[in-house]
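Here the structure is laid out as structure tokens; the discussion comes afterwards.
Every number in this text was worked out from the coordinates using simple rules, so none of it is lab data. Since we're looking at a predicted model, the values are computed, not measured. So basically every Cβ, Gly included, is an ideal-geometry build from the backbone, and we count neighbours across all protein chains shown.
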Amino acid sequence: MRMRSFILLALISLLSFLHPFTASAQTQVPSAPSATPSVDYVLPYPGILPDHPLFFLKRVRDKILILLTRDQIKKSQIFLLLADKHLVMGQLLWEKNKFELGSSTLKQGENYLLQSVLTLDDENIKNNIQADMDKIELASKKHEEVLDKLTENTTDGTILQALNEAVGITNQARQKILSLKSKTS
């Protein structure tokens, strides 16, 4: 009886851990007021950070979710959500002075952003995806804004190089989304 209760509890925990993407509530990470106008794009709450010992479970959950999602538009939305979460994670790690882990997390997030665009670029998608493309374009502007702020405060050469690589991936995603938008117009 005790073993059944444990298995049931473990299964419920696993299912709730695997499917948190249904909630669409987003919170904005507070940022310092700046002199330049900010991009009006709300970033999601990132959850646990890569420096947490159980972060590997979050990564496994994300991989399973990506593998099980067949709809290309939904998959693109998942990639965009992961990109936004990794952006916030990298920013929070940066504030904790974990620059190397933060820059690798930022770079991984930008790869997710590019993946979001490449998923929409599939020729089999016939639906109107203009709203999704606009959202990705706005997200790429916000990503670039956050990365530029982090780059301004960095003096270490290797970390600056990693940040510049992340900015390059963001620019590549923006160019790809602009070319995709011009194709559909």
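For E100 and L138, calculate 0.36 nm times their separation in residues minus their Cα-Cα distance, and state this gained length in nm to one decimal.
That pair, E100 and L138, stretches by 11.0 nm at full extension.
In whole Hz, what ³J(HN,Hα) sequence does region 83-91 give by Karplus (6.51, -1.76, 1.60; θ = phi - 60°), x for Gly and Pro?
4, 5, 5, 5, 4, 5, 4, x, 5
Could you run the Karplus curve 6.51 cos²θ - 1.76 cosθ + 1.60 with θ = phi - 60° over region 61-71 and give me ³J(HN,Hα) per residue in whole Hz, x for Gly and Pro?
So the J values, rounded to whole Hz, are 4, 4, 5, 5, 4, 5, 5, 7, 7, 9, 6.
Do any trypsin sites (Lys or Arg not before Pro) in region 60-89 lie in a loop, going by DSSP, with at most 10 other beta-carbon atoms within 10 Å of their beta carbon, and if so which?
Here the trypsin sites (Lys or Arg not before Pro) that fit, given the DSSP loop and packing criteria, are R70.
Going by how many other Cβ atoms sit within 10 Å of their own, how do H52, H86 line up, fewest first? Mind showing how you got there, number by number?
Values: H52 11, H86 25.
By the 10 Å Cβ count, ascending, the order reads H52, H86.
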